[in-house]
Amino acid sequence: MAKITFITSDNETITLEGTSGSVMALAVDNGIKGIDGDCGGVCSCATCHVHVAAEDMDKTGSASEIEADMLELDDNVDEFSRLCCQLEISDSIDGIVLKVAK
Amino acid sequence: MSISLIKNKTCIVIGASHAGVNFAFSLRREGWEGDIILYDADPFLPYHRPPLSKAYLTSEDGIDKNLLKSEESYAKEGITLNLGVYVKSMDRKLKHIILGDGSIQSYDKLIIATGARPIMPSIQGLANSNNVFPLRTATDVSNIRSAVKNSANKEVVVIGGGYIGLETAASLKKLGAKVTVLEREERILARVTAPEMSTFFQNLHLENGVDILTSKNVIALESNNEAKIVRCDDGTSYRADLIIIGVGIFVNKELAAAAGLDIENGIKVDETAKTNDEDIYAIGDCTFHYNPHYDRYIRLESVQNAVDQAKVAATSICGKETQYDTVPWFWSDQYDVKLQMVGLSQGYDQVIVRRENNDNKCLSFWYFKGEILLAVDAVNNAKAYVYGTKLIKRGEIINKENLMDCEEDLKIAHLISPIIG
């Protein structure tokens, strides 16, 4: 089980609990604004962009090559950017804070 | 219409797939306070369709693992979902729809998101044969899965070498089937891609043990207790235990046509997804819409179009200025190959093929009309897809010589550096 905190572009803070699946699916199921996941989680649309809190980067790791390429679709990409369809929920990411990209 | 007028109004959506569902949630987000009621003949909670021919087919997951939104999300947003319900007709004068059981539901705004259905070709013996499946719905996939499981020989003939046919062929191969694809044209994907890309995918399937045969016009299907025989007009025939049909779609436009809405190659809508009726919008696969980037009316079969048109319709209904203006994009997964496409290549007069680092599996196809970059197909090359997207949107003039130079890494600055001489 992992607690994951989302901060939306309206500065709303929402903490959700998940046990399995992707962080994107958790966010979509709970209507987190700004995370669409249009492609269903296959790293094809870049509509689930989040910025991981700097101190949580060791928990999430950084983007894979294809993910990093896809992130470039968004001009707001930075070194903390991830597509959260590529983040699997597990104990090891418990407590992370994700800022939803604008 | 201002937001304050939206209370106590009813918005009805016919069709609850990518377009209809995304529309409903967008409408709520945009401020619609009245009822939102979705109808779909499909009995399952709305699900993602692209995985049906890909990862979902090869998994043992139920459709509940593949939902567009959780069941609770609908309740939370006050969206009513009527599943397994067939809409019989609509009356524009009385502003209501009539359901299969004869009951009537009034609307203030009506959204047609009826999508499309697979074409079942008029091949002799096909209509009354068992184990013949299209692939469009969750039910189709569960039927295909059990037919494969219950077949000892697992010989499959796929009729049609488009994306659905090819993805299904790759997935069934993974399930242990022996697969043959029969394509009527001289090459697969003929309608949508350059010959070089057809060749790439033909070879990919061959390497993975799937036979792709082109110029094969299927004319008859014979069944006996043992198996089926698929006959082509060149005298050849192929044995099959089950048959997949992937020869394209018909737009579900009958409801709209019967109600007298403008129809061309789909339900005709303006740049806000509105039909020729002030209170009726149409979104997704069923629409024939204007694309400002390519300056023509088009019809698209894609998730991107469904989702983006849904958002535009929702915004427009809530009284905000908007225009549907996107560069279309698509994807396909076959074996370990990820294909990403952006733009519309129709009308191209030149294709430039790039192969990165001499890697035969990392390719990109750049379609030009004169100096204008129309589209990019990227094979295992997200970078080319992303750069293509940006360059097409910006309308940049590409330095073709630099694009052709595969010794040089793909970089935007290099691709748009001025042409010397």
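A few notes on this one:
- Test set (1) away from chain B (no Cβ under 12 Å); (2) buried (at least 19 other Cβ atoms within 10 Å of the Cβ) - A:Lys59 fails condition number: (2)
- Residue match in region B:356-378 (condition: modelled with pLDDT under 95, part of a helix (DSSP H, G or I), over 26 Å from B:Arg49 (Cα atoms) and of a type outside the set (Asp, Glu)): yes
- Residue in region B:96-109 that is in contact with a strand residue (DSSP E or B) (Cβ under 6 Å, 6 or more places away or on another chain), surrounded by 17 or more Cβ atoms within 10 Å (Cβ to Cβ) and of a type in the set (S, T, N, Q) present: yes
- Spans of strands (runs of 3 or more DSSP E) in region B:259-341 with at least 1 residues more than 19 Å from A:Gly37 (Cα to Cα) and within 14 Å of chain A (Cβ to nearest Cβ): B:329-334
- Condition broken by A:Cys43, with the remaining ones in (1) within 22 Å of B:Lys54 (Cα to Cα); (2) away from chain B (no Cβ under 12 Å) satisfied: (2)
- Residues of region B:190-223 that turn out to be at pLDDT below 95, part of a loop (DSSP other than H, G, I, E, B) and surrounded by 15 or more Cβ atoms within 10 Å (Cβ to Cβ), as a count: 4
- Being in a loop (DSSP other than H, G, I, E, B), buried (at least 19 other Cβ atoms within 10 Å of the Cβ) and not aliphatic (A, V, I, L, M) is a property that holds for A:Cys39.
- Condition check for B:Phe44: in contact with a strand residue (DSSP E or B) (Cβ under 6 Å, 6 or more places away or on another chain) and among the aromatic types (Phe, Trp, Tyr): no
- Of the set (1) under 22 Å from the mean Cα position of the chain (by Cα); (2) surrounded by 16 or more Cβ atoms within 10 Å (Cβ to Cβ); (3) part of a loop (DSSP other than H, G, I, E, B), all apply to B:Ala256 but (3).
- Selection count where residues are within 13 Å of chain A (Cβ to nearest Cβ), surrounded by fewer than 16 Cβ atoms within 10 Å (Cβ to Cβ) and in contact (Cβ under 8 Å) with a residue 12 or more places away in the chain, scope region B:24-69: 2
- Condition broken by A:Ser92, with the remaining ones in (1) within 12 Å of another protein chain (Cβ to nearest Cβ); (2) in a helix (DSSP H, G or I); (3) in contact (Cβ under 8 Å) with a residue 24 or more places away in the chain; (4) not charged (D, E, K, R) satisfied: (1)
- The residue list B:Lys76, B:Lys95 contains one member that is within 14 Å of chain A (Cβ to nearest Cβ) and over 27 Å from the mean Cα position of the chain (by Cα), which is B:Lys76.
- Subset of region B:157-193 (residues that are under 19 Å from the mean Cα position of the chain (by Cα) and hydrophobic (A, V, I, L, M, F, W, C)): B:Val158, B:Ile159, B:Ile164, B:Leu166, B:Ala169, B:Ala170, B:Ile188, B:Leu189, B:Ala190, B:Val192
- Residue within region B:400-417 that is outside the structural domain of B:Glu167 (by TED's automatic domain parsing), closer than 30 Å to B:Ile249 by Cα and surrounded by 16 or more Cβ atoms within 10 Å (Cβ to Cβ) present: no
- Restricting attention to region B:407-421, the residues being at pLDDT 90 or above and either part of a helix (DSSP H, G or I) or hydrophobic (A, V, I, L, M, F, W, C) (or both) number 6.
- Considering region B:379-406, the residues that are over 23 Å from A:Glu67 (Cβ atoms) and assigned to a helix (DSSP H, G or I) include one that is nearest to the chain's Cα centre (by Cα), namely B:Arg394.
- Every listed requirement among (1) part of a helix (DSSP H, G or I); (2) within 29 Å of B:Asn381 (Cβ to Cβ) is met by A:Ser44 save one, (1).
The values are calculated or read from the model by the stated rules, or taken from the named source; none is laboratory data. Keep in mind that this is a model prediction, so the values were computed, not measured. Every residue, glycine among them, receives a Cβ derived from its backbone with ideal geometry; neighbour counts consider all protein chains shown.
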